[in-house]
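Q: Just passing along the structure, written as structure tokens.
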Amino acid sequence: MGMLITDIAELVTNDPTHPDSLDALGRATGADAMHAGLGVIRDAAVVVGSDAEGEPTTIQWVGRAADAPQADWAVSVEGSAVIPGFVDSHSHLWFAGDRSAEFAARMAGQAYDGGGIATTIEATRAARPADVAELVRRRLAEMRAQGTTTVEVKTGYGLDVATEAEAARRLREVTDEVTFLGAHVVPPEYRDGEAGSREGYLDLVCGEMLREVTPHVRWVDVFCEPNSPYSFTGEESRRVLEAGRDAGMGLRLHGNQLGEGPGAQLAVEFGAAAVDHCTYLSDADVEALAGSWADGADGTVAGLLPGVEFSTKHPYIDARRLIDAGAKVALASDCNPGTCYSSSMPFMIAMAVREMGMTPAEALQAATVGGALSLRREDVGAVRVGMRADLARIDGPSWLHIPYRMGVPVVRALEV
Ligand code: NIG
Ligand code: FE
């Protein structure tokens, strides 16, 4: 049998049915109530199996260290806490250039309207794809060093056929979850009318560009935001979603970021896996998101991106309103050069706990199993037999150190 990982002081499984978990033992109460729902096992161990090349792949056994089976070899985590690796369901890592001055301007009071995206488009088009691929590789390593083991990455800073196709092809080599975001904004040359109109750009996105990226992507996304002149209206978004759906892609949206709008309800209508941002939701939007899960349906996850609120000075979302209504939420980084140049899921969790009304356990779940739900993945986000052996180690005895030690790099992917 594979590798035994042992001496885990506190293992978060996200499986409250595990017989050794505090939940199943009826002990997630009193002083331990903050662990409720997380399937925490104290003094735990995990056995990880290997594939033909000896690479650790799936979880073979989970339980109390004292009951662990014989394994080929063992590693001790010396009393650390272990969690499922973070599932970051929203990022834009394919970009070149720098927009730190734009961040400074916003901190001085300038509003975000999406206009800065053109700066990144210019820099990304001008860069050699191999150089951008190297930047992406470093950003993924930065994420892994902070405990993230699954990452969704979007195209969307090329916005011409060649750059989008190249981004999609190369991203597919480094992550399972690639999203086509040709409908990020209307690129400058189509705004001025030099190469055509908005409609002309949408023809391109839904036609040649979509055909070129299709072999490499799992998802299509659209920045549905009538509150910015650069992004797309509800009707325009509908076109993109229909084209993506017809090409066999799963659907995701950026919606309700800068003000109320049609994004959330459009996502539910189309059966999209996620609508991300959700900064401005009406009561009807919340109701629609919650209702999308009725009768065991695959609903639409509300992706919450608090790094964007931090970097654009929009108000933090009241996640309680969503959770209490029965909606399902994910926390993600949205790592991108404009609205949040942070890849840190621990930082997102800290903000969710401090500013968004989430309990630490809800925030941890939103960053793990919530991300998995947003990506419709059943093999990541929890520690159960048969799932991928994606674990993260906390430099401390409890998972609570993630928000408790905000800003301190206490989480990293467990290299098994
Ligand atoms: O998710 N909202 C649209 N797109 C990105 C920001 C893009 C940028 O400013 O470069 C986002 O926030
Ligand atoms: Fe985004």
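Each reported figure results from applying straightforward, stated rules to the coordinates on display, with no laboratory input. Here the structure is a predicted model, which means the values were calculated and not measured. Glycine also receives a Cβ, built like all others from the backbone with ideal geometry; neighbour counts cover every protein chain displayed.
Q: Using only the Cα atoms of the range 231-275, what do you get for the radius of gyration and for Dmax, in Å?
A: Expressed in Å, the Cα Rg and Dmax of the range 231-275 come to 9.8, 30.
Q: Let me know the shape class of the range 207-328, please: from the alpha-carbon gyration tensor, a ≥ b ≥ c as square roots of the eigenvalues, rounded when a/c is under 1.5, otherwise prolate if a/b is greater than b/c, or oblate.
A: Here the range 207-328 falls in the oblate category.
Q: Also: Taking a virtual spin label 7 Å from the Cα of ASP67 along the C-beta vector, which residues in the range 384-414 bring their backbone nitrogen under 19 Å of it?
A: Only 384-387 pass the distance filter.
Q: I want to check the label-to-label distance for ALA52 and ALA36. Put each point 7 Å from Cα in the C-beta direction and report it in nm to one decimal.
A: 4.9 nm
Q: Now, a different point. Using square roots of five times the C-alpha gyration tensor eigenvalues, list the equivalent-ellipsoid semi-axes of the range 261-416 in whole Å, biggest first.
A: Over the Cα atoms of the range 261-416, the ellipsoid semi-axes are 25, 19, 13 Å.
Q: So the label point goes 7 Å from the Cα of SER76 along Cα→C-beta, right? Which residues of the range 12-45 then have their backbone N under 15 Å from it?
A: The answer is 43-45, whose backbone nitrogens lie closer than 15 Å to the label point.
Q: Given axes a ≥ b ≥ c from the Cα gyration tensor, I'd like to know whether the range 347-416 is rounded (a/c under 1.5), prolate (a/b larger than b/c) or oblate.
A: Since a/c reaches 1.5 but b/c is at least a/b, the shape of the range 347-416 is classed as oblate.
Q: Just for the Cα atoms in the range 1-131, what are the lengths along the principal axes, largest first, rounded to whole Å?
A: 58, 45, 24 Å, listed from the longest principal axis down.
Q: Above 36 Å lies some portion of the pair distances; for the chain, what is it as a whole percent of all C-alpha pairs?
A: 24 percent
Q: Please sort 61-74, 92-105 by packing, taking for each peptide the average over its residues of neighbouring beta carbons within 10 angstrom, highest first.
A: 92-105, 61-74
Q: Next up: Ranked highest first by the average count of other Cβ atoms within 10 Å around their residues, in what order do 258-266, 134-142 fall?
A: So the order, starting with the most tightly packed, is 258-266, 134-142.
Q: While we're here: What distance in nm separates the simple spin-label points at ASN227 and ALA130, each placed 7 Å from Cα in the Cβ direction?
A: Placing both labels 7 Å along Cα→Cβ, they lie 4.4 nm apart.
Q: In a Gaussian network model over the chain where Cα atoms closer than 10 Å are linked, find which of SER76, SER374, SER89 has the largest mean-square fluctuation.
A: Of the options given, SER76 has the highest mean-square fluctuation.
Q: To continue, here is another question. Length gain on complete extension for the stretch GLU415 to ALA24, per 0.36 nm per residue less the alpha carbon to alpha carbon distance?
A: 137.8 nm
Q: Limiting things to C-alpha atoms, what are the Rg and the maximum Cα-Cα separation (Dmax) for the range 198-267, in angstroms?
A: 11.7, 34
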